[in-house]
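Accompanying notes for the structure given below.
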Amino acid sequence: MWWGLLCALGAACAYGVASVMQSVAARATDTGAAGVDPKLLVRVLRQGKFVLGLLLDVLGFVAQIAALHVLPLFVVQAALAASLAVTAVAARFLGVRLGRPEWAAVVVVCAGLALLGTAAESEGSDPVGLGFRLGLVAAVAVLAVAGIAAGKASRRIRTPALGLVAGLCFGVVAIAGRIIPSLAPLDLLTDLATYTVAVAGAMAMLFYATALQRGSVTTSTAMMVLGETIFPSLVGVLALGDRTRPGFAVVAVAGFALAVAAALALARFGEPATEQRSETKPTVFP
């Protein structure tokens with residue numbers, strides 16, 4: 001079980017560093033179009049920082065899948081929310097100063113994950129059929145429509161809505177990755193969940209990049225964290241057989257709440273390039 005937690009933490013580290021690179025690329029890219037524009041992904045893929053971040057995302061995803069096969073979704077997703085703590089620390093090395101509240105939030109994230117690791121029971125996913133997989137496909141279709149509608153909404157609604165839809169898409173990625181029974185190439189090619197992961201992942205990156213480019217990073221990142229943690233965690237408990245060690249349910253709830261709440265407190269570090277507001281000189285990245 002502990003190696004699964006190490007994989008989840010490794011994924012959080014990869015995602016946290018990747019978010020710094022990708023957010024800088026998204027902020028520097030302008031498609032000139034209103035709403036959600038797929039050209040945004042095409043243009044950011046021309047930037048070295050975004051490509052390096054994408055490679056880290058791939059490594060993080062492999063580690064995430066490994067963790068999902070031995071740990072409950074609520075543990076893995078809370079660990080991934082801790083990527084914001086990694087981003088905050090990375091921002092420190094890029095010239096952004098962390099105050100005592102931020103360092104306290106980093107410590108609380110670690111404490112919450114420690115509680116979750118203590119309470120979790122090692123397990124795989126309960127088997128699910130074609131109906132569950134088709135339900136995930138339907139969820140992807142609904143989220144696609146919701147994301148497009150969010151991109152056309154007013155600025156006050158657009159940013160939190162895009163962040164939430166992106167988080168829900170990341171949640172679908174986690175759920176679909178959890179139910180893939182094998183990582184053998186033939187099994188992957190013949191499993192509908194594999195294609196769900198690909199489509200939902202692309203949508204999540206597009207919606208999140210759009211939210212970062214055109215709105216408050218704190219709002220969009222906080223909503224993304226909520227979407228990618230609470231939704232898949234509920235599905236894991238209700239449909240996939242996730243559970244805690246006997247007598248450790250309260251510990252798990254406390255650990256989850258601490259980790260997610262502290263991650264939300266660090267949401268503004270999703271984009272360190274914009275952290276130094278008008279009162280300070282903007283950070284210049286190499």
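The values are calculated or read from the model by the stated rules, or taken from the named source; none is laboratory data. Note that the structure is predicted; figures quoted are calculated from it, not measured. All Cβ positions, glycine included, derive from the backbone under ideal geometry; neighbour counts span all protein chains shown.
Quick look at the values:
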quantity	calculated
Criterion violated by residue 121 - all others in (1) in contact with a helix residue (DSSP H, G or I) (Cβ under 9 Å, 6 or more places away or on another chain); (2) surrounded by 14 or more Cβ atoms within 10 Å (Cβ to Cβ) satisfied	(1)
Which listed residue is without any contact (Cβ under 8 Å) to a residue 60 or more places away in the chain, basic (Lys, Arg) and either buried (at least 18 other Cβ atoms within 10 Å of the Cβ) or under 21 Å from residue 61 (Cα atoms) (or both), from 133, 158	158
Single residue of 273, 261 found to be part of a helix (DSSP H, G or I), modelled with pLDDT of 75 or more and surrounded by fewer than 23 Cβ atoms within 10 Å (Cβ to Cβ)	261
Matching option when the condition is modelled with pLDDT of 85 or more, among the hydrophobic types (A, V, I, L, M, F, W, C) and in a helix (DSSP H, G or I), among 134, 84, 113, 80	134
Test: residue in the stretch 176-192 that is surrounded by 24 or more Cβ atoms within 10 Å (Cβ to Cβ), among the acidic types (Asp, Glu) and either out of contact with any Leu (no Cβ under 9 Å at 6 or more places or on another chain) or in a helix (DSSP H, G or I) (or both)	no
Candidate set: the stretch 11-68, residues that are buried (at least 19 other Cβ atoms within 10 Å of the Cβ) and assigned to a loop (DSSP other than H, G, I, E, B); chosen: the one modelled with the highest pLDDT	36
